[in-house]
Amino acid sequence: MSLTSILSAEAIEKAVKDCSAPDTFCYKKFFELCGLSSKTPQEVKDVFQLLDDDNSGYIEESELKFFLQRFVPGARTLTDAEAKSFISAADDDSDGKIGVAEFQAMVLS
């Protein structure tokens, strides 16, 4: 499975271009632009699994830095501030990482 089997390549490209400058990443806008926020909970879970690089069941800060590159190879890395902001927005249990339920709640809210 790939991200483009769930989201259109055009929408992904548009979302990544929108935050191409450092410190411009906004997860809500990104999820809207790429179409993820209108997907089913199962599709969001499938995307989570593609983003969970080490298959730990969590997306950690180290994986989040490369979040945009998982969508488009060659995209920029997230800044430390963007990665920390992303985690704190989703990390309901304060464990420093994002679980699948937290990701689904973040994307679909």
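The values are calculated or read from the model by the stated rules, or taken from the named source; none is laboratory data. Please read all numbers here as calculations on a predicted model, not as lab measurements. Glycine also receives a Cβ, built like all others from the backbone with ideal geometry; neighbour counts cover every protein chain displayed. We work out accessible area using only protein heavy atoms, side chains counted, and drop any ligands, DNA or RNA first. Shrake-Rupley method; radii C 1.70, N 1.55, O 1.52, S 1.80 Å.
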Residue match in segment 78-97 (condition: among the hydroxyl-bearing types (S, T, Y), free of Cβ contacts under 8 Å to residues at least 12 places away in the same chain, on the phi > 0 side of the Ramachandran plot and part of a loop (DSSP other than H, G, I, E, B)): yes
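Filter segment 98-109 down to the residues that are in contact (Cβ under 8 Å) with a residue 40 or more places away in the chain and not in a helix (DSSP H, G or I) and list them by number.
First pass over segment 98-109, keeping only residues in contact (Cβ under 8 Å) with a residue 40 or more places away in the chain: 98-100, 103-104, 106-108.
Scanning segment 98-109 gives I98, G99.
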Complete set of residues in segment 52-74 that are closer than 26 Å to E10 by Cα, under 13 Å from the mean Cα position of the chain (by Cα) and either open to solvent by 70 Å² or more (accessible area, probe 1.4 Å) or among the hydrophobic types (A, V, I, L, M, F, W, C) (or both): D53, I59, L64, F66, F67, L68, R70, F71, V72
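Would you point out the residue of segment 1-17, among those that are in a helix (DSSP H, G or I) and among the polar types (S, T, N, Q), that is farthest from F86 (Cα to Cα)?
Pass one, segment 1-17, residues in a helix (DSSP H, G or I): 3-5, 9-17.
Okay, now just the ones that are also among the polar types (S, T, N, Q), so 4-5.
Working: T4: 23, S5: 24 Å.
Step by step, filter segment 1-17, then rank; the result is S5.
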Residues satisfying the stated conditions in segment 34-64, i.e. among the aliphatic types (A, V, I, L, M) and closer than 15 Å to S109 by Cα: L36, V44
Residue satisfying condition, being among the charged types (D, E, K, R) and at pLDDT below 95, within set D46, D95, D91, D53: D53
Candidate set: segment 26-51, residues that are part of a loop (DSSP other than H, G, I, E, B) and more than 13 Å from L68 (Cα to Cα); chosen: the one least open to solvent (accessible area, probe 1.4 Å): G35
Breaking point among (1) touching a helix residue (DSSP H, G or I) at 6+ places or on another chain (Cβ under 7 Å); (2) part of a loop (DSSP other than H, G, I, E, B); (3) open to solvent by 60 Å² or more (accessible area, probe 1.4 Å), for S20: (1)
Residue pairs meeting the criteria (Cβ under 6 Å; at least 6 apart or on separate chains; first within 16 Å of F48 (Cβ to Cβ), in segment 1-13; second assigned to a loop (DSSP other than H, G, I, E, B)): L7/G35
Among (1) more than 18 Å from R76 (Cβ to Cβ); (2) touching a Leu at 6+ places or on another chain (Cβ under 6 Å) - the single one K14 does not satisfy: (1)
